[in-house]
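Undergrad: Take this structure, written in structure tokens, and hold onto it; I'll ask about it next.
Every number in this text was worked out from the coordinates using simple rules, so none of it is lab data. All values derive from a computational prediction rather than experimental measurement. All Cβ positions, even for glycine, are placed from backbone atoms using ideal geometry, and neighbour counts span all protein chains on display.
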Amino acid sequence: MSADTIVHTTSHILPPLPYADNALDPVISAKTIGFHYGKHHKAYVDNLNKLVTGTEFAEMSLEDVITKTAGKADKAAIFNNAAQTWNHTFYWNSLKPKGQGGPPAALKQRIEASFGTVDACKKELVTAATTQFGSGWAWLVLEGDKLKVVKTGNAEVPMTTGKKPLLTIDLWEHAYYLDYQNRRPDYVNAVLDTLLNWDFAADNLG
Ligand code: MN
């Protein structure tokens, strides 16, 4: 193959899970992780790679693909698969086995400055997560110098509206249906009480 026939692509990868597939059991079962990570997340990555091949997006970082396709109706398929690829990697890192330790001191201070207490922050996350109609995500974000809780629909990401994500909870039914069926509040409360990776949120705060 001569040099000018080589197609340059940035192949997006499915990053390894940061823990074993049964490490979040019984809050999130290995069966859920098997489908959610092994099928759903993988499909977003595979679809993204197919969609960007041969396009102006082929050599871009995942973040660049997201910001350059956001809000463009004719690029919706690329945006959705890129954002879902990013969101899921961020979600796996937002969780950790036995994550009930609470936020480290510096983050705790910031949470208390914005919400009053850590419990008030968690309550806002529950409200956002249980009132998001249909599929989407609940987020703890940094906007300006304030921490906020926001929710986004479908594949939408906080970055495109100037917010820095710190933590997320996946609210798509595939995240909880095998374990909780229609009981999204039970899933959300169990995640908040036992699986949140506050150290990851603190790292994202910078
Ligand atoms: Mn998901």
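Undergrad: Which trypsin sites (Lys or Arg not before Pro) does region 143-206 hold that lie in a coil by DSSP with at most 15 other beta carbons within 10 Å?
TA: Qualifying residues, ordered by number: 183.
Undergrad: Given the pairs 96/146; 68/151; 96/151; 39/68; 42/108, which span a C-alpha to C-alpha distance of over 29 angstrom in this model? Let's see the in-between values first.
TA: On the way: 96/146 25 Å; 68/151 21 Å; 96/151 21 Å; 39/68 26 Å; 42/108 34 Å.
Checking Cα-Cα distances, 42/108 exceed 29 Å.
Undergrad: Pull out a ≥ b ≥ c, the square roots of the eigenvalues of the alpha-carbon gyration tensor of the chain, then state rounded if a/c is under 1.5, prolate if not and a/b is larger than b/c, and oblate in the remaining case. Please list the in-between numbers first.
TA: Working: a/c = 1.94, a/b = 1.53, b/c = 1.27.
Prolate is the answer for the chain, as a/c is 1.5 or above and a/b outweighs b/c.
Undergrad: Give the aspartates and glutamates whose C-alpha is closer than 17 Å to that of residue 123, dropping any in the same chain fewer than 8 places away, or say none.
TA: Leaving aside aspartates and glutamates fewer than 8 places away in the same chain, those within reach of residue 123 are 112, 170, 186, 193.
Undergrad: Can you list the residues of region 165-200 with backbone N under 20 Å from a point 7 Å past the Cα of residue 67, pointing along Cα to Cβ?
TA: Under 20 Å, as judged by backbone N against the label point of residue 67, lie 165-167 of region 165-200.
Undergrad: What is the helix-to-structure angle for 118-131, meaning the angle in degrees between its Cα long axis and the longest Cα principal axis of the chain, kept from 0 to 90 and rounded to the nearest 10?
TA: 60
Undergrad: Give, in nm to one decimal, the length gained when the segment between residue 146 and residue 42 is fully stretched (0.36 nm per residue of separation minus the Cα-Cα distance).
TA: Values: separation 104, 0.36 × 104 = 37.44 nm, distance 3.39 nm.
Computed gain between residue 146 and residue 42 is 34.0 nm.
Undergrad: What GluC sites (Glu not before Pro) in region 56-162 are in a loop by DSSP, with at most 10 other Cβ atoms within 10 Å of the Cβ? All intermediate terms of the calculation are to be shown ahead of the outcome.
TA: Values: sites: 56, 59, 63, 112, 124, 143, 156; in loops: 56, 59, 156.
Here the GluC sites (Glu not before Pro) that fit, given the DSSP loop and packing criteria, are 56.
Undergrad: Helix 105-115 versus the longest principal axis of the chain: what angle, 0 to 90°, nearest 10, using Cα atoms?
TA: So the helix axis and the longest Cα principal axis differ by about 80 degrees.
Undergrad: Any chance you could list P(r) for region 5-83, counting all Cα-Cα pairs in 5 angstrom bins from zero, rounded to whole %?
TA: With a bin width of 5 Å, the distribution comes to 3, 15, 22, 18, 14, 12, 9, 5, 1, 0, 0.
Undergrad: Which residue, 147, 157, 91, has the largest displacement toward the positive end of the dipole of the chain when charges sit on each Cβ (Lys, Arg +1; Asp, Glu -1)?
TA: 147
Undergrad: Can you tell me, using C-alpha contacts under 8 Å and at least 6 residues apart, the relative contact order of the chain as a whole percent?
TA: 23
Undergrad: Below 8 Å between Cα atoms, with a sequence gap of 6+, how large is the relative contact order for region 105-205 in percent? Walk me through the numbers before you get to the answer.
TA: Values: 141 pairs, mean separation 26.3, N = 101.
Normalised by residue count, the contact order of region 105-205 is 26 percent.
Undergrad: Apply 1/(1 + (r/R0)^6) to the Cβ-Cβ distance of residue 76 and residue 105, taking R0 = 35 Å, and write down the FRET efficiency to the nearest 0.05.
TA: With R0 = 35 Å, the Cβ-Cβ based efficiency is 0.25.
Undergrad: Please give every one of the aspartates and glutamates within straight-line cross-link reach of residue 75, meaning a C-alpha to C-alpha distance under 17 Å, and leave out same-chain neighbours fewer than 8 residues apart.
TA: 46, 56, 59, 63, 64, 156
Undergrad: Would you calculate, for the chain, the mean residue ellipticity at 222 nm contributed by helices, counting each DSSP H stretch of 4 or more residues as -39,500 (n - 2.57) and dividing by all residues, to the nearest 500?
TA: Roughly -13000 deg cm²/dmol at 222 nm, from the helical runs in the chain.
Undergrad: Expressed as a whole number of Å, what is the distance separating the alpha-carbon centroids of region 127-206 and region 35-106?
TA: 14
Undergrad: Still on this structure: Working out 0.36 nm times the residue gap between residue 35 and residue 181, then minus their Cα-Cα distance, what length gain in nm do you get to one decimal?
TA: In short, 51.1 nm is gained.
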